[in-house]
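Inspection log for the structure reproduced underneath, given as C-alpha cells.
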Amino acid sequence: MSKRKAIEELSSNNKKPNNAKDYVFYTAVNKHNGKPLIKKIHPTKIGERPIYKFFIDYDGKYFPLRCMLDLGSTSFVISPQAAKAFQVPVVKRLQPQKTSDVGGKKIKTEGLFTVPLGLSFGNHRTFDVKDHAFEVMDTSSKYDALIPAWYLAKHKAEGTATGHLHFPHCDQSCFGHEKLRPDYEISYDKRVALRPDVINIGSVISRNPEIAK
C-alpha cells in the first residue's frame, strides 16, 4: 500500500473491519540469503501512569483525589465511589451523553454530573461555573478522577510528560487562595494547616511584640 493511500484510509471516517490477514507479520529471515535470523523482538513496554494528588472543594470543604492526566479525555471525570464518599452533589441528565473509549466503543455511564467544583493542585486553584462540573463515570481502582487536556492547556501546565506537574505561567488569579484567619493578620492553607499528620509546616516570626502578649 502506498503512503498516500494509507494516509487516506486512516483519515477516512469509515474504517474497514479489522482482519488478521491485513497485517504484515514479522519473519526473522535474512532477505538476502533466506537464512533464519536469531533476533529477539521485545514486546511492548508497559510503564506506570503518574497519579497526582489534587483537591476538589465545594461549600468550603476540601477533599483529596487521586487524579490522572488524560490527554484523550474531553471532560473532567470523577468515580461514583469518590462522589458518594465525599457526598458531592450531582445532577441527573435528561438526555444520555454519548461517551466512548479510545477504541470508539460506547461506555456506560451513570448519567450524572456534579455541580461545579473548585480544583486545586498545590497553591494553584481554579473554579468556573461554566466548565468545572465532573462527569460521574467508573474509573480504575488506582485513581479517582481524570483531568482533561483542555484544562492543562488553559492553565499552561508544564511537566505533564515528566511526572512533575506545575503551573508556572498561569494567571496570578489562580494563586493565593488561602484562607484568612480572623484572629491574626496571617493567611494559611487549611488543607495543610489542619492536617493531623503534619509535623512542621514552617515558622512564624512576629514583627509586632504586642501580638505575642
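The values are calculated or read from the model by the stated rules, or taken from the named source; none is laboratory data. All figures in this text were calculated on a predicted structure; none of them were measured in a lab. Counting neighbours? That spans all protein chains shown, and the Cβs are built from the backbone with ideal geometry, glycine included.
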| The one condition in (1) over 16 Å from the mean Cα position of the chain (by Cα); (2) within 22 Å of residue 49 (Cα to Cα) that residue 79 fails to fulfil | (1)
| said: Going residue by residue through segment 95-108, is there one that turns out to be under 27 Å from residue 127 (Cα atoms), among the polar types (S, T, N, Q) and in contact with a Lys or Arg (Cβ under 8 Å, 6 or more places away or on another chain)? | reply: yes
| field | Lone unmet requirement of (1) surrounded by 14 or more Cβ atoms within 10 Å (Cβ to Cβ); (2) in contact with a Pro (Cβ under 7 Å, 6 or more places away or on another chain); (3) of a type in the set (A, V, I, L, M) for residue 129 | value | (1)
| message | Looking at residue 69 and the list (1) touching a strand residue (DSSP E or B) at 6+ places or on another chain (Cβ under 8 Å); (2) within 17 Å of residue 140 (Cβ to Cβ); (3) not in a strand (DSSP E or B), which single condition is not satisfied? | response | (3)
| task | Identify, by number, the condition in (1) surrounded by fewer than 16 Cβ atoms within 10 Å (Cβ to Cβ); (2) modelled with pLDDT under 80 that residue 189 doesn't meet. | result | (1)
| field | So residue 115, is it touching a Pro at 6+ places or on another chain (Cβ under 8 Å) and surrounded by 14 or more Cβ atoms within 10 Å (Cβ to Cβ) | value | yes
| Residue identified as surrounded by 17 or more Cβ atoms within 10 Å (Cβ to Cβ) and small (Gly, Ala, Ser) among 141, 120 | 120
| How many residues does segment 31-66 contain that are in a loop (DSSP other than H, G, I, E, B) and within 30 Å of residue 116 (Cβ to Cβ)? | 4
| message | If residue 168 satisfies all but one of (1) over 21 Å from residue 53 (Cβ atoms); (2) part of a loop (DSSP other than H, G, I, E, B), what's the number of the condition it fails? | response | (1)
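Yes/no per residue for (1) closer than 30 Å to residue 161 by Cβ; (2) of a type outside the set (Phe, Trp, Tyr):
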{"residue": "35", "(1), (2)": "no, yes"}
{"residue": "51", "(1), (2)": "yes, yes"}
{"residue": "54", "(1), (2)": "yes, no"}
{"residue": "67", "(1), (2)": "yes, yes"}
{"residue": "75", "(1), (2)": "yes, yes"}
{"residue": "81", "(1), (2)": "yes, yes"}
{"residue": "92", "(1), (2)": "no, yes"}
{"residue": "117", "(1), (2)": "yes, yes"}
{"residue": "128", "(1), (2)": "yes, yes"}
| How many residues does segment 82-96 hold that are farther than 23 Å from residue 60 by Cβ and surrounded by 13 or more Cβ atoms within 10 Å (Cβ to Cβ)? | 1
| request: Filter segment 146-156 for residues that are under 14 Å from residue 54 (Cα atoms) and not β-branched (Val, Ile, Thr) and give the result. | output: 146, 148, 151, 152
| message | Restricting to segment 83-110, name every residue that is in a loop (DSSP other than H, G, I, E, B), polar (S, T, N, Q) and either at pLDDT below 85 or touching a helix residue (DSSP H, G or I) at 6+ places or on another chain (Cβ under 9 Å) (or both). | response | 95, 97, 99, 109
